[in-house]
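Coordinate-derived values only; no laboratory data. Here the structure is a predicted model, which is why all the values come from computation and not from measurement. Ideal geometry is used to build each Cβ from the backbone, glycine not excepted, and the neighbour counts take in all protein chains shown.
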Amino acid sequence: MSKRADEGPRFLGRVVTDERLGGMVRLTVEIPGWPGSGPGQFALLQSEPSRCFLSRALSVSDERGERVVFLIAPVGDGTRELCGLQMGDPIRVLGPLGNAFDVDALVKSPGRAVIVAGGAGVAPFPLLLSRMAARYREVFPAPAGEQPGSPEAAGPEVLVLLGFRDSLQFEASAPLRQTAASMGRAGLRCRLEIAVEDGSHGPAEKVTDLLQRHLQPGDRVAVCGPSAMSTAVWRVCSAVSDVQTWFSLETNMACGVGSCHGCVIMLADGTQGRVCREGPVFRGETVFASERVLAGEEVAGD
Amino acid sequence: MTDLSVRLGPLRLEHPLINCSGTMELFELAKAFGPRFVEHPPVAAYVPKTVTLQPRLGNPPPRILETAAGLINAIGLPGPGLEVFVGEELPRLLALPCPVIVSVGGFSREEYVALAGGLKDALDVALPAEWTCRMGLELNISCPNVRSGCASIGADARETEGVVAAVRATWPGLLVAKLTPNVTDMTEIGRAAEAAGADALAAVNTYKGLVIDRRTLRPYLGNVTGGLSGPAIKPLALRAVYELYEAVALPIVGMGGVETADDVLEFMACGATVVAVGSCGFKDPCLAWHSSRELAIALSDRDLTVSDVVGWAHREV
């Protein structure tokens, strides 16, 4: 007999570590029964008990078995409450939900993989990088006699471009920078470039300035960040030939599973897409119509 | 185990907990969490999202915002329309192990009749002679988020009577009228639906409200106004059910902020035979099932049956 629905898909997790990082909080949560997620998927999180009516949607930042990491920026009542959680606190988790980044499209393509993240948008990328490295090793096993960790065995270069408002926000990228640095051992070389708008780390510039300099025809670009950044990234990418893009988007959500149609965004073809169900990862051309971008209109919610 | 089964017109429900239309998509839940959601639904009867005659995009985003103890929404009845519903949705609804109450929304009396007639024709072919114990119809004459028809029909006793009577003439199965609370006197509308031949009333749809975007100080929702749901409206909904119970002899489907078995008991005490979970189910898709289990325990602790407790608050002590 199959498992009955009454056993419920909502997990009761417990906070294992709470790190304060650059004005954000990085929670590691032990979630008994967690089935594992794809890179880019999210979960609905809620303190237990909570003053808020709804859960909040947060990307899975990293995971090892039933230990799942979330990076949370305190932007409203719900995220502030989650940021106040400490080691040992219970937390309700519904997930994993939504679709994921297309790892094969990033790994198997002859084009270079590029990651573009802004602010709290760094969240999903530690998991994406480690899944890309694992997939690369499956698709292109190290030749006999070569150590997987040797420099010769290292695979293609992944370009990781990160943008932050200020030096405080920059600190929240530490886990992603560490993951990127360790990917060489796993067979994936990461080249990291960072732009901080207040000039505290090199010239004062934006992540789109980095992208302008580095983007090449054929690149495969995975993006997550504020909606204004995503729109600007699309504008840069659509000017270069044969660039494919995937954007992880964010909106207010209620159900997270496609029931309520509350989290829709306008798509390029005039229809609407549920961020929780058709997304959160959308192909760039699905979301951004060129005339809308020219008008400077933001298409993703804050 | 306590017997929790209830009857709603020709439908037999295993327990009194169902869902509010538009808040639970069983097939989406099955995609996210596995087929157990369609093999063993957490509700005793399933109410899909409101079906309209023509395809609809729904309202422009943003469509939802959390409020104090609740949620405001202005979704606007998006959907593929009756033809696609009958062709693609109905077959898998008929394969569910629980009864289904199809919610329909129209912009005129004729549209409601066309929706009921189209469904009946499809059911007569799919399940001749036996479908009335499997399928019911809920008239959504109360959606606050569309500009014409719907709630403007449900806000007027004569319009309500006209729509219910016209559908009654074509629809032989369970007929539920879902009422709007955004009127001066819900009992007047409830009595009109009863007089026109409704089998049950559902109360309440959401309360019309508005939220302001704190940055721009302009209306936040794309539709400007929306419908408020959640625990914030529970006392308002309890009052509606309480007054309807005194005004009509029909069974009532009570809803509005149901989160726990205690909430279920409160609605039943006010007069609801069936209780529906709406936006509280967003946190936990199995809330209806959990509440039904807790209800069984609560009833047996008090040595009461379901039929004892329905209308309890009206009885003299």
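Couple of notes before you dig in:
- Other protein chain Cβ atoms within 10 Å, averaged over every residue that makes up B:283-295: 4
- Shown for A:S167, A:S230: other C-beta atoms within 10 Å of each C-beta, ranked fewest to most, produce the order A:S167, A:S230.
- Rounded to 0.05, the FRET efficiency of the B:A114 and A:S109 pair, given R0 = 60 Å and the Cβ-Cβ distance, is 0.75.
- Taken residue by residue and averaged, Cβ atoms of other chains lying within 10 Å of the Cβ of B:60-72 number 6.
- Ascending count of other beta-carbon atoms within 10 Å, so fewest first, for B:S291, A:S37: A:S37, B:S291
- Within the shell of other residues whose beta carbon sits under 15 angstrom from the beta carbon of A:G218, the net charge comes to 0, with Lys and Arg scored +1 and Asp and Glu -1.
- Förster-model FRET efficiency, 30 Å R0, B:E83 and B:R7, C-beta, rounded to 0.05: 0.40
- With the simple spin-label model, which puts each label point 7 Å out from Cα in the Cβ direction, the B:R214 to B:A313 separation comes to 3.3 nm.
- Counted charge near A:H261, where neighbours are those whose Cβ lies closer than 12 Å (Asp, Glu -1; Lys, Arg +1): +2
- Look at the stretch B:23-29: the mean tally of other chain Cβ atoms within 10 Å of its residues' Cβ atoms is 5.
- The lysines whose alpha-carbon is closer than 30 Å to the alpha-carbon of B:K208, local same-chain residues fewer than 8 away aside, are B:K49, B:K178, B:K234, B:K283.
- Interatomic Cα distance distribution for the range B:45-106, bins of 10 angstrom, percent: 20, 40, 29, 10, 0
- In percent, rounded to a whole number, the relative contact order of chain B is 20, using alpha-carbon pairs under 8 Å and six or more apart.
- For q = 0.25 Å⁻¹, Debye-computed log10 I/I(0) when each Cα of the range B:133-181 counts as one equal scatterer: -0.90
- Label-to-label distance, B:S148 versus A:L192, with points set 7 angstrom from Cα along the beta-carbon direction: 6.0 nm.
- Note on A:M266, A:M183, A:M253: ascending count of other Cβ atoms within 10 Å places them as A:M266, A:M183, A:M253, the fewest first.
- With a simple spin-label model that places each label point 7 Å from the Cα along the Cα-to-Cβ direction, the separation between A:R51 and A:H214 comes to 4.1 nm.
- Karplus-derived 3J(HN,Hα) values for the range A:34-43, using 6.51 cos²θ - 1.76 cosθ + 1.60 with θ = phi - 60°, are 4, x, x, 10, x, x, x, 5, 10, 9 Hz; glycine and proline are entered as x.
- Our helix-only sum for chain B, with -39,500 (n - 2.57) per DSSP H run of n ≥ 4 divided by its residues, gives a mean residue ellipticity at 222 nm of -10000 deg cm²/dmol.
- Cysteines of chain A lacking any other cysteine Cβ under 4.7 Å from their own Cβ: A:C52, A:C83, A:C190, A:C224, A:C237, A:C263, A:C276.
- Two-decimal log10 I(q)/I(0) for the protein assembly as shown, as the Debye equation yields it once each C-alpha is a single scatterer, q = 0.05 Å⁻¹: -0.25
- Sequence-distant aspartates and glutamates (8 or more away, or on other chains) whose Cα lies within less than 15 Å of A:K108: A:E138, A:E157, A:D219
- Couplings 3J(HN,Hα) for the range B:183-196, derived from phi with the Karplus relation 6.51 cos²θ - 1.76 cosθ + 1.60 (θ = phi - 60°), are 9, 5, 9, 5, 5, 5, 5, x, 5, 5, 5, 5, 4, 7 Hz, where x marks Gly and Pro.
- Proximal aspartates and glutamates to B:K31, defined as alpha-carbon separation beneath 18 angstrom and excluding residues fewer than eight positions away on the same chain: A:D6, A:E7, A:E278, B:E39, B:E88, B:E89, B:D284
- Amide H contacts for A:G256 (H built 1.01 Å from N in the peptide plane; partners 5 or more residues away or on another chain; cut-off under 5 Å): none found.
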